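Student: Quick one: this structure, given as structure tokens, is what I'll be asking you about.
Values quoted throughout were computed directly from the atomic coordinates according to the rules given, and no laboratory measurement underlies them. Values in this document were obtained by computation on a predicted structure and should not be read as measured data. No Cβ is skipped: glycine too gets one built from the backbone with ideal geometry, and neighbour counts run over all protein chains shown.
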Amino acid sequence: MSTASYPTSAHWGSYSVVVEDGRVVGARPDPDDPAPSPLIGNTPGAQHHASRVARPAVRRRWLENGPGPDPMRGAPGDEYVEVEWPRALDLLAGELDRVRRGYGNAAIYGGSYGWGSAGRIHHAQSQLHRFLNTIGGYTASRTTYSHGALEVLMPHLIGMPGTNRLLHRAPAWTQIREHTELLVTFGGLRVSNTWIAAGGRSAQTAGPQMRAASEAGVEFVSLSPLRDDVPDGVKAAWLSLAPGTDTAVMLALMHVLFTEGLADTDFLDRYTVGADRLRAYVLGERDEQGRPGGVERTPEWAESISGVAAGELRALARRMARCRTLVNVGWSVQRARYGEQPLWAGLALACCLGQVGLPGGGFASGYGSMGNYGGGATPLGLPRMPQGNNPVDSYIPVAKVSDMLLHPGGSYRYDGEDRRYPDIRLVYWAGGNPFHHHQDLARLSEAFGRPETVVVHETHWTATARHADIVLPATTVLERDDVTGSQGDLVLRAMRKAVEPHGQARDEYDTYADLAERLGVREEFTEGRTSGEWMRLAYGRWRAMAARRGLEVPDFDEFWERGRLEMPGRVEDEALLGEFRADPEGKALRTPSGRIELFSETIASFGYEDCPGHPVWLPGPVLEEEPELPLVLVANQPRGSMHSQQEMGAHSRAQKVRGRSPLRMHPRDAEACGVAEGDVVRVTGPSGSCLAGLVVSDALRPGVVQLSTGAWFDPSEQEAATCVHGNPNALAVDEGTSSLGQGCTGQLVRVRVEPFEGPVPPVRAYEPPRGVAPVEA
Ligand SMILES: Nc1nc2c(c(=O)[nH]1)N[C@H]1C(S)=C(S)[C@@H](COP(=O)(O)OP(=O)(O)OC[C@H]3O[C@@H](n4cnc5c(=O)[nH]c(N)nc54)[C@H](O)[C@@H]3O)O[C@H]1N2
Ligand SMILES: Nc1nc2c(c(=O)[nH]1)N[C@H]1C(S)=C(S)[C@@H](COP(=O)(O)OP(=O)(O)OC[C@H]3O[C@@H](n4cnc5c(=O)[nH]c(N)nc54)[C@H](O)[C@@H]3O)O[C@H]1N2
Ligand SMILES: [Mo]
């Protein structure tokens, strides 16, 4: 028997896999990782799981009837035919050619949202986009499910793309420990979320750093519906608030600052525009349109909405004004209807405190949402696979995918534009699982019935793969060479192949090269290189860029031999908008006013009722009393996995209750609903239902239940529930944050919870579809 250990990396960290006789049998944390993520325990079970895609497969109905809309796509019992690679590639190349000639390249949807894997060369989206660009382009997607509202709103307010500066250059935890006295976080600081970073982190430092900050005396206040949104060992005051009410709380905190003379008027005058409009609104002198009259946004008013005591809010506002305070708005808070408002109000609140741009003070968004925030920054990017240019300018905001497929030519509003959906004939997805991530899965299933052809590359038979006409098996990171790293982590890592590909799985690069060959553009796609040669080239280009900045890194061979390198040029002392604070004229922001826009003429000119010219209180749909749906469900990120990936692995499985995702509920609510610990329950929301396993806990605010995302969508017993496995998107509502951002709103939904009567149906989510032969790995 041969045993070896291979270092690898995933979005959930860097670790080693133990390989015995060609099979991954274990996962070992890196010895110098202070707090390794338990998600690595999912890898051995997932790598060789029976749900791996082993051979190219084509849906029988598509094969027999030809391309066309088909409401049967994804239906339980739908059958596949396994074919040889050359046949699959011929079919797909022919179909791509038919669609682009008949309808133009904009009829191909290649938005293909999703996290794929950590390696930067075999990055699924980059590969797909490079290929589609080579054959004439595609309809793309913009922004993310993570922070769609933020990405559109923030450039209007601070004149810089949010994700680059605002998020990645947030003050490091070391700076927080040194300078911050009070960290007020809306949406908690969920340590399990910090296990994740795009490209993975070399060591899980966020949890230990939060604890170190707490031990050093930084005070934490967590506003959240869950008490355990803060890591053990961090002393935090928990202000339990009703989901979707953060903006009311922020307006009330500003009310205290304005009425008690605590607002920093010098800062507001010098660095912001529109503070007077906002002040008049907060004090009830003006309504959201600037007309005389309105509601005074007092702490008592906010208490009646949020449930946080007025006295607590007054005390908090006073403390915030006295201390060096950092206001963090977690991304979950904006992943809901009117999600732009808490971001804008949070920034305005930080401006009223006058500490924006000071070390350890001001505004941030992303601590506790992902591991790299607070990790410091590097001026260098990462080696990457060049994607080329898309000659087609058609795109949608990413979370509009169902709308687009269901309403070709339909109109919608987005960031000041009146736009129309393209007419999509072919959907091409690689590295994402929309049947995990999108809201209202029954509607998404209907939408996937509309195009003529759906193509999916997958490692596993996900529900998305089961909605495809052509499914091509992709290698996992353990089956290929790659490099990775992540922003704010600064360690570039080699990822060496550890095992042979499962079945007939291939590197997507080679799949695209062969497709490009059939379409007469192999040379344009490959430029004569193998993927290994691209890796060297990408590294070499990155090294040259470093050299231009006077930074030295070893050559590729040395890096590959060593397995990792520290990226030079670490920056830890950033303060968001620090340069602007120091020199407001010379470093004026790229906003119309050159300042932070607490009132935006641009946004006001769009005339959106769901996002007017300054932050306002707009009660979202989860605050509408509905006797049929008395509870609010928080669909946050799972502790057991990253999204749907490796969700069948041991660590994730151990958290399930009777094979289903755990639904957490306060004991009082459990009693009222007539359900008990360990029960299989039915959760019903506006767009459908799912089954889940009950966990009773007093860490939740009464009236709130929690069912994290992740469960593989299982519609196999639809009489029992839309999904019998526990995917909250079976019941969530498919609606944008507002006409401005059109971001994902999957975090919150109204539900009812009932005992599930009758025989409990099996979970079939991981069984490959009919016609697919089992494979011994
Ligand atoms: N209700 C609700 N829904 C949400 C959220 C929420 O808060 N509430 N959060 C949202 C957020 S923030 C996000 S980012 C999304 C995440 O949603 P996704 O990013 O779609 O989720 P993943 O499970 O990571 O999907 C990645 C897929 O890529 C596959 N894959 C991995 N490696 C490769 C590869 O090399 N090649 C190919 N072809 N495939 C590969 C995996 O098997 C997996 O199926 O979910 C969103 N959905
Ligand atoms: N383990 C693990 N970690 C992950 C991921 C994963 O799948 N698994 N996904 C990663 C990805 S892609 C992303 S984008 C980030 C997302 O990062 P976030 O969006 O920050 O994470 P969530 O877990 O969705 O939400 C965090 C907490 O916000 C609280 N919350 C919900 N609604 C409200 C509200 O209205 N007000 C307030 N004040 N609090 C509220 C909930 O209690 C929840 O636990 O997480 C990343 N980290
Ligand atoms: Mo995300």
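Student: Tell me, yes or no, whether the range 88-107 has at least one residue that is touching a residue at least 40 places away in the same chain (Cβ under 8 Å), among the basic types (K, R) and buried (at least 17 other Cβ atoms within 10 Å of the Cβ).
Tutor: No: the range 88-107 contains no residue that is touching a residue at least 40 places away in the same chain (Cβ under 8 Å), among the basic types (K, R) and buried (at least 17 other Cβ atoms within 10 Å of the Cβ).
Student: Out of the range 596-614, which residues are crowded, with 23+ Cβ neighbours inside 10 Å and within 24 Å of the chain's Cα centre (by Cα)?
Tutor: Answer for the range 596-614, where residues must be crowded, with 23+ Cβ neighbours inside 10 Å and within 24 Å of the chain's Cα centre (by Cα): just C611.
Student: Another question about this same structure. Taking the options V221, V184, V256, name whichever one is part of a helix (DSSP H, G or I), under 15 Å from E312 (Cβ atoms) and β-branched (V, I, T). Give the derivation first.
Tutor: Details: V221 fails: part of a helix (DSSP H, G or I); V184 fails: part of a helix (DSSP H, G or I).
Step by step, each of V221, V184, V256 is checked, and only V256 is part of a helix (DSSP H, G or I), under 15 Å from E312 (Cβ atoms) and β-branched (V, I, T).
Student: As an exercise: evaluate I470 against (1) of a type in the set (V, I, T); (2) closer than 30 Å to R73 by Cα; (3) without any contact (Cβ under 8 Å) to a residue 40 or more places away in the chain and give the number of the one condition it does not meet.
Tutor: (3)
Student: I would also like to ask the following. Could you pull out the residue among L251, L268 that is within 34 Å of the chain's Cα centre (by Cα), in contact (Cβ under 8 Å) with a residue 40 or more places away in the chain and away from ligand 2 (no atom under 16 Å from the Cβ)?
Tutor: On the way: L251 fails: away from ligand 2 (no atom under 16 Å from the Cβ).
Matching residue, one of L251, L268: L268.
Student: I want to confirm something. Restricting to the range 98-119 and keeping residues that are within 16 Å of ligand 3 (Cβ to nearest atom) and among the hydrophobic types (A, V, I, L, M, F, W, C), which single residue is nearest to A498 (Cα to Cα)? Can you show your working first?
Tutor: Step one: list which residues in the range 98-119 are within 16 Å of ligand 3 (Cβ to nearest atom), which gives 111-118.
Now narrow it down to the ones that are among the hydrophobic types (A, V, I, L, M, F, W, C): 115, 118.
Values: W115: 21, A118: 15 Å.
Here the residue is A118.
Student: Going by the conditions given, is Y281 among the hydroxyl-bearing types (S, T, Y), over 24 Å from A172 (Cβ atoms) and either out of contact with any strand residue (DSSP E or B) (no Cβ under 9 Å at 6 or more places or on another chain) or surrounded by fewer than 24 Cβ atoms within 10 Å (Cβ to Cβ) (or both)?
Tutor: Judged against the criteria, Y281 is a match.
Student: Look at the range 629-641 and say how many of its residues are touching a strand residue (DSSP E or B) at 6+ places or on another chain (Cβ under 9 Å), surrounded by 22 or more Cβ atoms within 10 Å (Cβ to Cβ) and over 17 Å from A730 (Cβ atoms).
Tutor: The total comes to 1.
Student: Filter the range 622-652 down to residues that are part of a strand (DSSP E or B) and within 18 Å of V753 (Cα to Cα), then give me how many there are.
Tutor: Residues of the range 622-652 that are part of a strand (DSSP E or B), as a first pass: 631-634, 642, 645.
Cutting the leftovers down to within 18 Å of V753 (Cα to Cα) gives us 631-634.
Going through the range 622-652 one residue at a time, the tally reaches 4.
Student: On the basis of being under 30 Å from G217 (Cα atoms), more than 16 Å from ligand 1 (Cβ to nearest atom) and surrounded by fewer than 24 Cβ atoms within 10 Å (Cβ to Cβ), does H156 make the cut? Spell out how you get there, then give the answer.
Tutor: On the way: under 30 Å from G217 (Cα atoms): no; more than 16 Å from ligand 1 (Cβ to nearest atom): yes; surrounded by fewer than 24 Cβ atoms within 10 Å (Cβ to Cβ): yes.
No.
Student: Would you list the helices (runs of 4 or more DSSP H) that sit entirely within the range 50-167 and hold 1 or more residues that are over 26 Å from the mean Cα position of the chain (by Cα)?
Tutor: On the way: elements: 60-65, 85-103, 124-134, 148-158.
It comes to 60-65, 85-103, 124-134.
Student: Here is a check on your reading of the model: is L316 crowded, with 24+ Cβ neighbours inside 10 Å, part of a helix (DSSP H, G or I) and either touching a Gly at 6+ places or on another chain (Cβ under 6 Å) or not basic (K, R) (or both)?
Tutor: When the stated conditions are applied, L316 does not pass them.
Student: I would also like to ask the following. Of everything in the range 628-648, what is over 15 Å from the mean Cα position of the chain (by Cα), more than 17 Å from V696 (Cα to Cα) and within 12 Å of ligand 1 (Cβ to nearest atom)? Give them in sequence order.
Tutor: Q646, E647, M648
Student: For the range 327-366, give me each residue that is more than 14 Å from ligand 2 (Cβ to nearest atom) and more than 27 Å from W195 (Cα to Cα). Write out each step before concluding.
Tutor: Just the residues of the range 327-366 that are more than 14 Å from ligand 2 (Cβ to nearest atom), to begin with: 344, 347-348, 350-363.
Selection gives W344, A348, A350, C351, C352, L353, G354, Q355, V356, G357, L358.
Student: In the range 670-704, which residue that is acidic (D, E) and in contact with a Leu (Cβ under 7 Å, 6 or more places away or on another chain) is farthest from E717 (Cα to Cα)? Don't jump to the end; show me each part of the working.
Tutor: Of the range 670-704, the ones acidic (D, E) are 671, 677, 679, 698.
Add one more test, that the residue is in contact with a Leu (Cβ under 7 Å, 6 or more places away or on another chain), and what stays is 677, 679.
Working: E677: 24, D679: 18 Å.
The qualifying residue farthest from E717 (Cα to Cα) is E677.
Student: Scanning for something part of a strand (DSSP E or B) and in contact with a helix residue (DSSP H, G or I) (Cβ under 9 Å, 6 or more places away or on another chain), does the range 329-342 turn up at least one residue?
Tutor: In the first step, residues of the range 329-342 are kept if they are part of a strand (DSSP E or B); the result is 329.
When the remaining residues are screened for being in contact with a helix residue (DSSP H, G or I) (Cβ under 9 Å, 6 or more places away or on another chain), the result is 329.
Yes.
Student: Further, regarding this structure: Of (1) more than 16 Å from ligand 2 (Cβ to nearest atom); (2) in a strand (DSSP E or B); (3) closer than 30 Å to A252 by Cα, I396 satisfies all except one. Which?
Tutor: (3)
Student: Looking at the range 473-493, which of its residues are of a type in the set (D, E, K, R) and assigned to a strand (DSSP E or B)?
Tutor: Filtering the range 473-493 for residues of a type in the set (D, E, K, R) gives 479-482, 489, 493.
Matches in the range 473-493: D482, R493.
Here's the yes/no breakdown for (1) aromatic (F, W, Y); (2) buried (at least 17 other Cβ atoms within 10 Å of the Cβ):
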site	(1), (2)
Y512	yes, yes
G528	no, no
A538	no, yes
E561	no, no
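Student: Would you pick out the residues in the range 14-46 that are in contact (Cβ under 8 Å) with a residue 60 or more places away in the chain and either of a type in the set (G, A, S) or in contact with an Asp or Glu (Cβ under 9 Å, 6 or more places away or on another chain) (or both)?
Tutor: S14, G22, A35, P36, S37, G41, N42, G45, A46 - these are the residues of the range 14-46 that are in contact (Cβ under 8 Å) with a residue 60 or more places away in the chain and either of a type in the set (G, A, S) or in contact with an Asp or Glu (Cβ under 9 Å, 6 or more places away or on another chain) (or both).
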